[in-house]
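See below for the structure under consideration.
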Amino acid sequence: MDAILVLNAGSSSIKFAIFDQRADDDNPGGGNGERLRGQIDGIGDEPHFKARTPDGEVVADESVALQEATSGNPHERALAVLLGFIERFDPSLSVAAVGHRVVHGGPDYAEPTRLDDQTLAALDRFVPLAPLHQPHNLAGVRAAMRAFAGALQVACFDTAFHRRQPWVADTFALPRHFYDEGVRRYGFHGLSYDYISRYLQKAHPDLAQGRVVVAHLGNGASLCAIQDGRAMGSTMGFTAVDGMPMGTRTGQLDPGVILYLLAEKGLGHAEIETLIYKESGLLGLSGISGDWRRLEESGPGHAADAMAYFTHRALREIGGLAATMGGIDALVFTAGIGENAAGLRRDIAQGLGWLGVAIDPARNDAKAEIISTDASAVTVLVIPTDEEAVIAHHTRSLMT
Ligand code: ADP
């Protein structure tokens, strides 16, 4: 079977999924052909390999010794382990294409793109724009080009979905030449928004034509306004630190604070980067954890303060994005927190009562797909995101 391998390479983990190339996911009844998904995490520390089939059967859950595999860098060795597993799992499987998640496509890459040495060199230029993700994504691409030398390699960008957003949502109020140089509001989580947008088109075509705010609330968190399938604005900006507070990232921060830290506190670039990316957000506010579930378990005090700030910012951002579209027809919750934290959905819905939002507590607790009441002016949905499926879709479409 010709297969599509989807790779999402981070600093210490590689998430993967395998799809049948022949699946027909353009057809609502066609299915996406998923065969397997999993991850190798703890790369560089204690590597662990886990994989499961679409019906939830765990087919691998084991420590792996990467140094015993083939030579090369840690990502290459991890891919060699993956390749070995795929061959054992289904000897008839042949990887015909590899679809990669690449966080940054800069101003020009607005579509999934076939990767070659020249494109890869162009993508290297965006490393300073996403220093925590891009180098690992590209290391994964290079490793896959060597491990699957005959396969088509495709990059799918987290920024691409936002490239059609209006100029006012794409720019900062800096002198114009900065925009031309690429200092723009790129927006991220675009593969997730792409997936949700396609899902709405298939399952709720009336809503897909309307004004939608999607709340991608996970460890990284952002919101995106989408009107008739077109991105209209996002809370994330030049980098993935703007907008919503996150597990450990600040979200929106007055640039004056950075100036103060530089001038008065004598902090340098590296210290400020660590502060705003790794020590702030829910972790910084609570002093306990950046993990929503742990904060829920912690009860009142600083954990509750951190959750209250997150809720407050979500309300501000949803209200702001709705205002730019002249209203809102649907609100979608997705990602780890959005899909699971019923209490947060309840609080946000309550805060949006003035927009005519009303959710049904039983539907909300049951995580139904539509959690709003039948009378609600805005349809509120919970849709599990699937970035791997959308990467497989795009890779498949470049294979024909
Ligand atoms: P990432 O951005 O790393 O992909 P996820 O989308 O997996 O993150 O989201 C991780 C977040 O989701 C964590 O804050 C976690 O606590 C939260 N989360 C996961 N499951 C639940 C749950 N059942 N209830 C509340 N929060 C949850």
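For the reader, a short list of remarks on this structure follows.
- Counting only helices (runs of 4 or more DSSP H) that fall entirely inside region 118-200 and contain at least 2 residues that are more than 17 Å from VAL6 (Cα to Cα) and of a type outside the set (Val, Ile, Thr), the qualifying elements are 167-170, 176-181.
- Among (1) of a type outside the set (Asp, Glu); (2) surrounded by 15 or more Cβ atoms within 10 Å (Cβ to Cβ); (3) under 17 Å from THR239 (Cα atoms); (4) more than 21 Å from the chain's Cα centre (by Cα), the one test that ALA173 misses: (2)
- Members of region 386-400 found to be of a type in the set (Asp, Glu) and surrounded by fewer than 24 Cβ atoms within 10 Å (Cβ to Cβ), listed by number: ASP386, GLU387
- Test: residue in region 151-165 that is without any contact (Cβ under 8 Å) to a residue 24 or more places away in the chain and out of contact with any Pro (no Cβ under 7 Å at 6 or more places or on another chain): no
- Filter pass, ALA308 being within 16 Å of the ligand (Cβ to nearest atom), farther than 24 Å from ASP158 by Cα, surrounded by 14 or more Cβ atoms within 10 Å (Cβ to Cβ) and modelled with pLDDT of 95 or more: no
- Meets criteria (under 25 Å from the mean Cα position of the chain (by Cα), surrounded by fewer than 14 Cβ atoms within 10 Å (Cβ to Cβ), within 16 Å of the ligand (Cβ to nearest atom) and in a helix (DSSP H, G or I)) for ARG313: no
- In region 207-219, the residues that are within 16 Å of the ligand (Cβ to nearest atom) form Cβ pairs under 7 Å with partners that are in a loop (DSSP other than H, G, I, E, B), at six or more places apart or across chains, as follows: HIS216/HIS189; HIS216/THR385; ASN219/MET246; ASN219/GLY247.
- Residue list for region 204-223, filter: surrounded by fewer than 18 Cβ atoms within 10 Å (Cβ to Cβ) and either modelled with pLDDT under 95 or assigned to a strand (DSSP E or B) (or both): ASN219
- Of the helices (runs of 4 or more DSSP H) entirely within region 329-400, those holding at least 3 residues that are free of Cβ contacts under 8 Å to residues at least 60 places away in the same chain, within 16 Å of the ligand (Cβ to nearest atom) and not acidic (Asp, Glu) occupy 342-351.
The values are calculated or read from the model by the stated rules, or taken from the named source; none is laboratory data. In this text, all values refer to a predicted model and were calculated from it rather than measured experimentally. Reconstructed Cβ throughout: ideal geometry from the backbone, glycine too, with neighbour counts over all protein chains shown.
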